[in-house]
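Notes follow the structure.
The values are calculated or read from the model by the stated rules, or taken from the named source; none is laboratory data. This is a predicted model, so every value here is computed, not measured. Quick reminder, even Gly has a Cβ in these numbers, built from the backbone with ideal geometry, and neighbours come from all protein chains shown. We work out accessible area using only protein heavy atoms, side chains counted, and drop any ligands, DNA or RNA first. Shrake-Rupley method; radii C 1.70, N 1.55, O 1.52, S 1.80 Å.
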Amino acid sequence: IFLTEINELGTEALSVTIVNINKCLQEFDRRRQNLVLLGAAKEAFSMDFSNSFTFTALLLLISLISFKFLSAKLRQKQRKNKYHPVAGTFVNQLLNFKRLHHYMTDLAAKYRTYRLLSPFRNEIYSSDPANVEYILKTNFNNYGKGEYNHSILRDLFGEGIFTVDGDKWRQQRKVSSYEFSTKVLRDFSSVVFRKNVARLANIVSEAANSNETMDMQDLFLKSTLDSIFKVAFGVELDSMCGSNEEGKEFAAAFDDSSALTLYRYVDPFWKIKRYLNIGSEAALKRNIKVVDNFVYKLIHNKIE
């Protein structure tokens, strides 16, 4: 085409044509450079986009991990805040065992709800009426005595209402409820309670008139035992006045057994002592034998 144009246009037009061709070549070269720049920009944009995407993903991953970590810390802190204050350890209970009721009452007045720590298990105590109602009434089925309490109390109380859960507890409660029905309370139990209260008041009055000291806890225990034995078994235990020597021995043995059983809660070595039959466990075994002999004799007499 170029040679044909030269022949047709002649020499004068040749220069114009060459100029036009140069312009076309320059335009072509400019566009080629633009395409090269465009390709480079596209590649650079792709690289920047890829790097930006990687950076964003990494940032999101770090943010997610940080959020998880902070959330876990926050939950842990919240859980720690939900723990009740530590009021002492089993060592404090052991040191205050002679005045344990007073010691626990002091703690309850100070903290209402608190924890006591021990090497094997921690315990929570509460005197808050809302907590007591929730545990004993609202959600009672969730708060059984458990194997720990059962293992401690079983030697003295056997499989009775104070040691068992579930169906066994319901059966024991049903049997016990017959003794405390409205009719029994009205026709018999209330009379027994009033009679023993009068005896107790008389003993306190005589001690007051003679300016003598007395053990109120011991008197309350004996008054309760006398009432329960008369209502449940029809037996005049008379441990308050001591007219029944056998009943007096039983009351003393039962009181000692209760204290020694309670001591198991603060003695981490009681199982070893029981196995070796030494110390407090040997004394508990002797007292339980007195209790069992009295109770089985009573059962045998009632069967006859």
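Can you tell me which residue is modelled with the lowest pLDDT among those in the range 186-200 that are of a type in the set (A, V, I, L, M, F, W, C) and surrounded by 11 or more Cβ atoms within 10 Å (Cβ to Cβ)?
188
More than 26 Å from residue 160 (Cα to Cα) and either of a type in the set (Lys, Arg) or in a helix (DSSP H, G or I) (or both): does that describe residue 251?
Here the answer is no, as residue 251 does not meet what is asked.
Given the options 183, 145, 110, name the one that is under 29 Å from residue 229 (Cβ atoms) and either over 16 Å from the mean Cα position of the chain (by Cα) or exposed (fewer than 13 other Cβ atoms within 10 Å of the Cβ) (or both).
On inspection, the qualifying residue turns out to be 183.
Just one of (1) touching a Lys or Arg at 6+ places or on another chain (Cβ under 8 Å); (2) closer than 25 Å to residue 268 by Cβ; (3) of a type outside the set (Ser, Thr, Tyr) trips up residue 117, so point out which.
It fails just one condition, (1).
Residues to consider are 277, 209; find the one that is polar (S, T, N, Q), on the phi > 0 side of the Ramachandran plot and either loosely packed, with under 13 Cβ neighbours inside 10 Å or out of contact with any Gly (no Cβ under 9 Å at 6 or more places or on another chain) (or both).
Result of the check over 277, 209: 277.
Name the pairs: first residue in the range 165-181 and assigned to a helix (DSSP H, G or I), second residue among the acidic types (Asp, Glu) and surrounded by 11 or more Cβ atoms within 10 Å (Cβ to Cβ), Cβ to Cβ under 7 Å, at least 6 apart or on different chains?
Taking only residues 6 or more apart or on different chains, the pairs are 168/159.
Within the range 221-231, take every residue that is in contact (Cβ under 8 Å) with a residue 12 or more places away in the chain and open to solvent by 40 Å² or more (accessible area, probe 1.4 Å) and give me the one that is nearest to residue 175 (Cα to Cα).
The selected residue is 230.
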